[in-house]
1. Condition check: within 17 Å of the chain's Cα centre (by Cα), assigned to a strand (DSSP E or B) and over 24 Å from E44 (Cα atoms). Does V141 satisfy that?
2. Within the stretch 139-151, is even one residue out of contact with any strand residue (DSSP E or B) (no Cβ under 7 Å at 6 or more places or on another chain), acidic (D, E) and at pLDDT 90 or above?
3. So which residues in the stretch 55-77 are surrounded by 12 or more Cβ atoms within 10 Å (Cβ to Cβ) and modelled with pLDDT of 75 or more?
4. Name every residue in the stretch 152-186 that is in a strand (DSSP E or B) and either touching a Lys or Arg at 6+ places or on another chain (Cβ under 7 Å) or open to solvent by 100 Å² or more (accessible area, probe 1.4 Å) (or both), in order of residue number.
5. Give me the pairs: first residue in the stretch 26-45 and free of Cβ contacts under 8 Å to residues at least 40 places away in the same chain and farther than 15 Å from T12 by Cβ, second residue in a strand (DSSP E or B) and open to solvent by 60 Å² or more (accessible area, probe 1.4 Å), beta-carbon distance under 6 Å, and six or more apart or on different chains, which are they?
6. Does E166 fit the bill of being out of contact with any strand residue (DSSP E or B) (no Cβ under 6 Å at 6 or more places or on another chain), without any contact (Cβ under 8 Å) to a residue 24 or more places away in the chain and of a type in the set (D, E, K, R)?
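The values are calculated or read from the model by the stated rules, or taken from the named source; none is laboratory data. Worth saying up front: this structure is predicted, and the values here are computed from it rather than measured. Counting neighbours? That spans all protein chains shown, and the Cβs are built from the backbone with ideal geometry, glycine included. What goes into the accessible areas is simple: the full protein's heavy atoms, side chains included, and nothing from ligands, DNA or RNA. Shrake-Rupley method; radii C 1.70, N 1.55, O 1.52, S 1.80 Å.
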Amino acid sequence: MNEEEFEERKTTTITKTGLSVELTRTSKGTYKWTIQVDVPGLDEEELLKRLDRIDKALRRRFLKEEEEVEEKEEIVEEKPLKTVPLQVKRKGRKSKLFGRVAVYEDKIVVEPLNPLLIKDGAIGWLLGYMEGKFGKDKVDVEKTPSLERFRRIIIRAKLSDKDLNELARKASWSFEKAMGREAETG
């Protein structure tokens, strides 16, 4: 490709809050663009989704590309046999919900309402408790793409009602502490 092919004819910049798209039409009638997203606090997964969506829209409009229709693999979400809400009850006040424990046929899943920081001391304490009680090989942590937070903790074991209630109590305490610290720094 020679220099003349990319000689710019017209450049248009589209700017929205946190987004800038510089669109250039070359002398040959082709288009090229630069996309910049500046949204502090946006996690990597969401950032990549936005960039991909914008790029696809530009390709459809200016390059007349047809959108590829991907065959989506149907994910069947397994229904829990039982769920236990993770909440702390306060005298004279409403109880506050922090997540849930879902009991499946072959596993137990502990989920906070929102992803929590793995590095939080209360979460580290909870993971240590679980690994000590059930074994490190039976406890898995499902992390967010940034790897700083987790969505859920999976215990590959069956629990008695007594162990389930103890786990729910300890998870409620941990999630309450972690969420409280996030609210303070938030």
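1. Here the answer is no, as V141 does not meet what is asked.
2. no
3. D55, K56, A57, L58, R59, R60
4. I154, I155
5. S27/R9
6. So E166 passes the test.
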